[in-house]
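Asker: Here it is, the structure, as structure tokens.
The values are calculated or read from the model by the stated rules, or taken from the named source; none is laboratory data. This one's a predicted model, so the numbers in the text were calculated from it and none came from an experiment. Ideal geometry is used to build each Cβ from the backbone, glycine not excepted, and the neighbour counts take in all protein chains shown.
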Amino acid sequence: MLLANNIRSSLTIILSHKIRTLLTLLGLIIGVLAVVSIFSAVDGVKVAISTSVGNMGWDNSFTITTKSGDSDKDYNRWWVRKQTKREAKPVNLNDFNTLKNELDVEHIYAMVSTTLHNSKYGRWTQVKATNIDYFDFKNYKILEGRNFNNLDERKEANVCLIGSNFWESNLNSDPNIIGTKLTLGQHRYTVIGVVGDIKGEVNEFDFNQWQRRWDLRSIFIPLSTGVKYYSTNQEVQEIYVKSENANSFIYNKNRARQLLLINHDMTESFEFAAESEEILKFTQQLNDMLNKWNTILMAIASVSLFVGGIGLFSTLLISINERMNEIGIRKSIGASEFDIFSLLLSEAIILTLIGSLVGISLAKIAVVLISTAMKVPLVLPFNGVLVGLGFALLIGIISGLYPAYKAAKVNPIEAVYYFD
């Protein structure tokens with residue numbers, strides 16, 4: 001009952017002094033807006049970076065390539081080097097097929113790429129030979145026609161997929177492109193599809209934009225066809241393996257090493273590049289840096305809340321003098337010191353809540369504007385709202401404690417005759 005009366009009385013006082021209330025709330029609104037917006041922006045950047053890294057496929061993944069020759073200390077010994085030169089085999093199509101059949105992975109693809117001269121479609125055109133998993137992993141979609149199938153792979157078919165940028169810039173988005181012939185180097189390919197980007201909008205924090213643009217200017221052919229035309233001894237340039245989680249990543253890496261050693265007569269003529277380990281270190285360092293900046297920016301933004309708290313403190317002190325008669329009458333008819341204390345403190349808390357809610361609403365609008373301007377999908381995180389609301393309430397309570405205590409200690413006789 002006391003709480004309900006305090007809320008009604010506080011709202012009546014707040015609404016009866018609209019200009020003063022607005023000026024008091026302004027500092028609180030700006031403070032909450034700054035805190036929540038900065039928290040949301042930093043949190044959004046973290047999410048965008050994490051998503052971008054995930055789209056690149058660097059998490060829980062490794063790449064297998066032919067050993068360069070100087071990748072470890074033992075290989076530099078002359079007898080090991082001599083044996084390796086005699087017996088070593090490059091990573092090849094058979095290795096890829098073995099790993100594809102034996103490993104339980106999320107994605108696995110091999111790549112053979114070359115750049116061919118073609119005066120009709122520009123000076124240079126990149127041709128990439130790969131398998132279906134490459135397009136699924138990169139989140140590309142088929143805009144026109146179809147994707148490769150098992151028959152294309154088995155027959156080493158002269159078919160190709162063209163990137164959407166190549167289609168637009170060199171073929172003027174010809175709607176009848178499917179089934180036409182493209183001559184690249186010494187070979188002719190039948191176009192069976194157009195590859196496009198599945199993402200609806202560009203993310204400014206997407207580290208993979210350059211590769212996606214390059215891919216969509218390229219032409220893709222089946223892996224078996226590329227190995228047949230553009231490699232020696234069925235060599236592939238790299239095999240990429242992406243596991244579903246950290247546990248399967250360790251298992252797949254060890255299992256892949258065993259299978260490759262069997263295929264290569266126990267000669268370790270291959271090497272692993274675990275991008276996920278390096279990227280994990282990179283993202284951890286980046287998150288640490290963002291956390292430090294978040295702390296610094298939050299401290300700067302909190303100054304606005306302190307200023308708002310000082311304004312609230314001043315307003316409550318001024319209102320005590322204006323309400324001396326009211327306080328005196330309340331005490332003379334039986335109100336205790338606690339009743340007066342809770343009334344003034346309730347007013348401070350209600351003012352803070354109103355300012356916080358308005359500040360959070362404006363922060364939501366600010367986050368949408370920042371997201372549109374930066375082309376980053378930002379959201380208003382629940383923990384950011386809690387931080388802003390909690391900090392504002394703390395400032396409001398601290399600002400209201402002394403004025404409420406001072407009002408509670410007023411002598412009722414002096415208060416009644418304060419203006420006489």
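Asker: Looking at (1) more than 20 Å from Lys141 (Cα to Cα); (2) at pLDDT below 90, which is the only condition Arg213 fails?
Answerer: That leaves (1) as the condition not met.
Asker: Could I ask something else about it? So for segment 322-339 (the condition being closer than 21 Å to Leu389 by Cα, hydroxyl-bearing (Ser, Thr, Tyr) and over 42 Å from the mean Cα position of the chain (by Cα)), does at least one residue qualify? Show your work before the answer.
Answerer: Residues of segment 322-339 that are closer than 21 Å to Leu389 by Cα, as a first pass: none.
No, every residue in segment 322-339 fails to be closer than 21 Å to Leu389 by Cα, hydroxyl-bearing (Ser, Thr, Tyr) and over 42 Å from the mean Cα position of the chain (by Cα).
Asker: Check Met266 against each of (1) modelled with pLDDT under 90; (2) over 24 Å from Tyr134 (Cβ atoms); (3) hydrophobic (A, V, I, L, M, F, W, C); (4) part of a helix (DSSP H, G or I) and name the one condition it does not meet.
Answerer: The number of the failed condition is (4).
Conditions tested, residue by residue: (1) surrounded by 16 or more Cβ atoms within 10 Å (Cβ to Cβ); (2) at pLDDT 90 or above; (3) within 18 Å of Ser218 (Cβ to Cβ).
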| position | (1), (2), (3) |
| --- | --- |
| Val159 | yes, yes, yes |
| Leu171 | yes, no, yes |
| Asn176 | no, no, no |
| Gly179 | no, yes, no |
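Asker: Take the conditions assigned to a strand (DSSP E or B), crowded, with 17+ Cβ neighbours inside 10 Å, at pLDDT 85 or above and out of contact with any helix residue (DSSP H, G or I) (no Cβ under 7 Å at 6 or more places or on another chain) and apply them to Tyr229. Does it pass?
Answerer: Values: assigned to a strand (DSSP E or B): no; crowded, with 17+ Cβ neighbours inside 10 Å: yes; at pLDDT 85 or above: yes; out of contact with any helix residue (DSSP H, G or I) (no Cβ under 7 Å at 6 or more places or on another chain): yes.
So Tyr229 fails the test.
Asker: Across segment 290-301, what is the number of residues that are out of contact with any Leu (no Cβ under 9 Å at 6 or more places or on another chain) and either closer than 13 Å to Ser37 by Cβ or not assigned by TED's automatic domain parsing to the domain that holds Phe39 (or both)? Please lay out each step first, then the result.
Answerer: Here is the first cut: in segment 290-301, the residues out of contact with any Leu (no Cβ under 9 Å at 6 or more places or on another chain) are 290-300.
Subsequent filtering for residues that are either closer than 13 Å to Ser37 by Cβ or not assigned by TED's automatic domain parsing to the domain that holds Phe39 (or both) retains 294, 297-298, 300.
Qualifying residue count, segment 290-301: 4.
Asker: Quick one: which of Leu99, Leu22 is closer than 30 Å to Glu156 by Cβ, out of contact with any Pro (no Cβ under 7 Å at 6 or more places or on another chain), at pLDDT 80 or above and of a type outside the set (Lys, Arg)?
Answerer: On the way: Leu22 fails: closer than 30 Å to Glu156 by Cβ.
Matching residue, one of Leu99, Leu22: Leu99.
Asker: Being surrounded by 21 or more Cβ atoms within 10 Å (Cβ to Cβ) and within 14 Å of Lys406 (Cβ to Cβ) is the filter here, so list the residues in segment 336-354 that pass it.
Answerer: Residues satisfying the conditions are Ile340, Leu343, Leu344, Leu345, Glu347, Ala348.
Asker: Quick check on this structure: which one of Ile397, Ile354, Ile370 is closer than 21 Å to Thr315 by Cβ and touching a residue at least 60 places away in the same chain (Cβ under 8 Å)? Lay out the reasoning, then the answer.
Answerer: On the way: Ile397 fails: touching a residue at least 60 places away in the same chain (Cβ under 8 Å); Ile370 fails: closer than 21 Å to Thr315 by Cβ.
Criteria check complete, one pass: Ile354.
Asker: Sticking with this structure for a sec: Can you name every one of the helices (runs of 4 or more DSSP H) wholly within segment 96-176 that holds 1 or more residues which are of a type in the set (Gly, Ala, Ser) and within 28 Å of the chain's Cα centre (by Cα)?
Answerer: Working: elements: 132-137, 150-154, 164-171.
Result: 164-171.
Asker: Tally time: how many residues in segment 297-317 are within 20 Å of Ile19 (Cβ to Cβ) and without any contact (Cβ under 8 Å) to a residue 60 or more places away in the chain? Talk me through it step by step, then tell me what you get.
Answerer: At the first step, the residues of segment 297-317 found to be within 20 Å of Ile19 (Cβ to Cβ) are 307-317.
Among the residues that remain, those that are also without any contact (Cβ under 8 Å) to a residue 60 or more places away in the chain are: 314.
The total comes to 1.
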